[in-house]
Amino acid sequence: MITRPVSRQFRASRLAATVGVCAIVFAVGACAPEISARGNQPKRDLLSEVEAGKQTRAEVAALLGTPSATGTFDNETWYYISARTQQYAVFEREELDRRVVAISFDDAGVVSEVRELDLADGKNVAVVERETPTLGNELGILEQLLGNLGRFEGDNGPGLTQEIPGL
């Protein structure tokens, strides 16, 4: 069997082709969305068992688990919140769907109402972008870095630390 030596040009073009194929595979892989499920999403068959006037808080907790959140001003409403989101590479995460199950209890701790809300029931809230002013000086980066020089004093005098016996 006779073998011919492979030229450098052939090896370089083969290497370039391999690198190009790898780059394309990684680029296509990066374009696939990352889909994430978050929160506590009760199963529909378990949720259908919760009826107004029948279950107590303890029974709902045993059936559905602990809620994601409770009412802000009272403990009479439990919220089970879940969402499904997707994100392409470095772009902003997009919410695909949201499900909120709100279970309200009466004064005796028995279920009074079960509501299911989705993404369409949500409302956008405008966030205020201003900052609260604080008293004091605003230090620059140099002042922050050099501001503590000479402030450290140990028992042995300024700038020195205690010796540890045995070292």
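The values are calculated or read from the model by the stated rules, or taken from the named source; none is laboratory data. Only a predicted model underlies this, so the values are computations on that prediction, with no experimental measurement involved. We place every Cβ from the backbone using ideal geometry, glycine too, and count neighbours over all the protein chains shown.
Computed quantities for the displayed model
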| item | result |
| --- | --- |
| Count of the stretch 40-53 residues which are farther than 16 Å from D106 by Cα and over 29 Å from the mean Cα position of the chain (by Cα) | 2 |
| Failed criterion for A32 (all others in (1) under 28 Å from the mean Cα position of the chain (by Cα); (2) of a type in the set (A, V, I, L, M); (3) modelled with pLDDT of 80 or more hold) | (3) |
| Condition check for R99: modelled with pLDDT of 80 or more, touching a Phe, Trp or Tyr at 6+ places or on another chain (Cβ under 9 Å), closer than 30 Å to S68 by Cα and not β-branched (V, I, T) | yes |
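For (1) of a type in the set (G, A, S); (2) at pLDDT below 80; (3) in contact with a His (Cβ under 7 Å, 6 or more places away or on another chain), each residue gets a yes or a no:
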{"residue": "R115", "(1), (2), (3)": "no, no, no"}
{"residue": "D118", "(1), (2), (3)": "no, no, no"}
{"residue": "K123", "(1), (2), (3)": "no, no, no"}
{"residue": "A126", "(1), (2), (3)": "yes, no, no"}
{"residue": "L142", "(1), (2), (3)": "no, no, no"}
{"residue": "L145", "(1), (2), (3)": "no, yes, no"}
{"residue": "N148", "(1), (2), (3)": "no, yes, no"}
{"residue": "E153", "(1), (2), (3)": "no, yes, no"}
